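Below is one structure, written out as structure tokens; comments come after it.
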Amino acid sequence: MVRFEGVGLRYRAIGRAGRSPEVLHDISFTLPDGVFRWLLGPSGAGKTSLLRLMYLAVAPSRGHLTVLGTDVSAAPRRALPRLRRRIGVVFQDFRLLPHLSAFDNVALPLRISGRPEGQVRADVTEMLRWVGLAKRIEAYPSQLSGGEQQRVAIARAVIARPSLLVADEPTGNLDDAQAERLMQLLHEMSRLGTTVVVATHNDRLVARHPAPALLLEHGRLTGHH
Amino acid sequence: MTSVSLRPSGFDELGLRRALSDRLLPFLVAAMAFLAALALAGWVGAASLAREWQAGSGSSLTVQVPRPGDPAQRDSGPKDAPPKDAPPRDASEGDSDKASGSAAGGTRIERTLSLLAGTPGIDTARRLSDAQLTDLLRPWLGAGAGRLDLPLPAVVAVRLSDPATDLDALARRLSAEVPGVLVESHGTWVGRLTALARSLQACAGLALLLVVGVAAAVVAVATRSGLSARRAAIEIVHGLGATDGYIAGRFAARATLLATIGGAAGALLALPVLVALAGLAAPFAGGSVPAEQGVIAFLAALPTPIWASLVALPAGAAAIGFVTAQGTVRRWLRRMP
């Protein structure tokens, strides 16, 4: 379950006097477990900031934020790493580690969690086969196309079977067939209990996969339907 | 449930092999370890000298007896010149240890030795032989000192069993019984030399502390540089749920390895220098220069505390690397949510 209660976000001003402007204002909504939500809105509306709050990259400046049952505003800092391991993130810019192979990038969440190497090897090989990169296991990100990198990023986000999956424009570099496969995966994960939030500008994709949406404009939630 | 990480040993998710270079940091730590070895050797050497001087000369004194062959008498005779008919000194008197003369009836030297032998707190009182006296005077009078027929006093080397013996009282007693006797304690000089050695020891300790501080600063700067270079990777790993301990552990493992290599290299480089210094210092510290010329003989001449210091250097460097990297990374990570 994800709950926003009057959440505001203001980034810390670095090297500037005074307070920086608030980028999110009074955001309140609740996402029960296992739901699928689009996150829609024009560029600069605050979609990425809202997602950053969800995957605990920033803390709210005010209000209460509850992620997977944990009150993030009140939780001690040392409790957050374990919570982050239950959250999968697909970044718009992939954020793969350039010095690691596709295999090691996908294996990273499992190794951080301390999973046995035998299980890591089996799960990662299967996942890379599923996203169509079985023959690119040892390739480094610089040797992969944009679409391949995005598929590695998706594999890394779902490999640990997260309870919350957050994706920022996950189909931006995928062709239609790959995008459809990804959407089927996301719906399947949602059906199995994962809460899925996908931010996108792709109206055709939203039209093909109708689902409730959070609408953001100028840092405010203007609709949740 | 605590899970055990079974990630492959060579797995370098943060790319630290390049961020914490295996060249600059070990080189700088090696330089620090070399300086630390010299400081440690100085500390050990100064402590050894102070101990040796205190134990050796600190409890000794010399007693000079003018006109040693004259009969002992309570009245003080002329002090400036011996009588012309003074009997020649008997060479056999030279090695008379703790000679107990016939009390007041013997010669002045016999009386002196007798008094010394009967004084509590004195271990031995030994008259120096003519040959030994000539040796003492050789730097001033040349090799022919013995043939000059100078009116030399007898010199008695006294070793105290109790360093707290009241030397002033002893001097007064000797002067009363054998007028003109001079008692010279080495204590003052030994005290000064010991103070000097202790100061040198303190300086070496201070230098060692400074070296440790600089080494920690070097590791901290290298670690911060690595943090800056790998900021993006750290943010990704942190976002995937890595704890501060996990990230700090990766940095600390790398810094510890590099510092250990540097420490071992520094200790190895310092070894020949220390062996040479130990050879030079051996005579002053009661040791001896190895009779055999050879690597093994010289290595064996190195005092045990210095060997222990050399072995401890890589371990010390490793500890500095580990603790500094852990502290630096954990402090840096606190800025992240």
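The values are calculated or read from the model by the stated rules, or taken from the named source; none is laboratory data. Nothing here was measured: the structure is a model prediction, and the numbers come from that model. Glycine also receives a Cβ, built like all others from the backbone with ideal geometry; neighbour counts cover every protein chain displayed. To get the accessible areas, we keep the full protein, side chains included, count just its heavy atoms, and leave off ligands, DNA and RNA. Shrake-Rupley method; radii C 1.70, N 1.55, O 1.52, S 1.80 Å.
Quick one: in region B:231-244, of everything that is in contact (Cβ under 8 Å) with a residue 60 or more places away in the chain and of a type outside the set (A, V, I, L, M), which residue is surrounded by the fewest Cβ atoms within 10 Å (Cβ to Cβ)?
So the first thing to find is which residues in region B:231-244 are in contact (Cβ under 8 Å) with a residue 60 or more places away in the chain, and the list is B:233-235, B:237-238, B:244.
Right, trim to of a type outside the set (A, V, I, L, M) and you get B:235, B:238, B:244.
Values: B:Glu235: 13, B:His238: 22, B:Asp244: 19.
Among those that are in contact (Cβ under 8 Å) with a residue 60 or more places away in the chain and of a type outside the set (A, V, I, L, M), it is B:Glu235.
Residues A:Arg95, A:Arg84: which one is open to solvent by less than 10 Å² (accessible area, probe 1.4 Å), among the charged types (D, E, K, R) and under 20 Å from the mean Cα position of the chain (by Cα)? Don't jump to the end; show me each part of the working.
Values: A:Arg95 fails: open to solvent by less than 10 Å² (accessible area, probe 1.4 Å).
Unique residue meeting the criteria: A:Arg84.
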- Message: From the list A:Val35, A:Val23, exactly one residue is touching a Phe, Trp or Tyr at 6+ places or on another chain (Cβ under 9 Å) and buried (at least 16 other Cβ atoms within 10 Å of the Cβ). Which is it?
- Response: A:Val23
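So that you can scan it fast, the table gives a plain yes or no per residue for (1) within 21 Å of B:Gly10 (Cα to Cα); (2) in contact with a Pro (Cβ under 8 Å, 6 or more places away or on another chain):
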site	(1), (2)
B:Gly180	no, yes
B:Glu184	no, no
B:Thr188	no, no
B:Ala220	no, no
B:Ser228	no, no
B:Gly241	yes, yes
B:Gly249	yes, no
B:Leu274	no, no
- Query: Any idea which of (1) out of contact with any helix residue (DSSP H, G or I) (no Cβ under 6 Å at 6 or more places or on another chain); (2) over 28 Å from A:Leu205 (Cβ atoms) is the one A:Leu110 doesn't satisfy?
  - Reply: (1)
- Consider only pairs whose beta carbons are under 9 Å apart and that are at least six residues apart or on different chains; among these, list those whose first residue lies in region A:141-154 and is within 16 Å of A:Asp176 (Cα to Cα) and whose second residue is open to solvent by 40 Å² or more (accessible area, probe 1.4 Å) and assigned to a helix (DSSP H, G or I). A:Gly147/A:Gln178; A:Glu148/A:Arg136; A:Gln150/A:Gln178; A:Arg151/A:Gln178
- Residue pairs qualifying under the 9 Å Cβ cut-off, at least six apart or on distinct chains, with the first in region B:299-310 being modelled with pLDDT under 90 and the second being open to solvent by less than 70 Å² (accessible area, probe 1.4 Å) and outside any helix (DSSP H, G or I), are B:Ala300/B:Pro290; B:Ala301/B:Gly287; B:Ala301/B:Pro290; B:Pro303/B:Gly287
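Residues that are within 14 Å of another protein chain (Cβ to nearest Cβ) and in contact with a strand residue (DSSP E or B) (Cβ under 7 Å, 6 or more places away or on another chain): which helices (runs of 4 or more DSSP H) entirely in region A:25-124 hold 3 or more of them? Step through it out loud before you land on a result.
Values: elements: A:47-54, A:80-84, A:102-112.
Because the criterion is at least 3 residues that are within 14 Å of another protein chain (Cβ to nearest Cβ) and in contact with a strand residue (DSSP E or B) (Cβ under 7 Å, 6 or more places away or on another chain), the helices (runs of 4 or more DSSP H) in region A:25-124 that meet it are A:47-54.
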- Note on the structure: Given (1) away from every other protein chain (no Cβ under 12 Å); (2) over 41 Å from the mean Cα position of the chain (by Cα); (3) buried (at least 17 other Cβ atoms within 10 Å of the Cβ), B:Phe251 misses just (2)
- Query: Checking A:Lys135 against (1) more than 18 Å from A:Leu185 (Cα to Cα); (2) within 12 Å of chain B (Cβ to nearest Cβ); (3) modelled with pLDDT under 95, which single condition isn't satisfied?
  - Reply: (2)
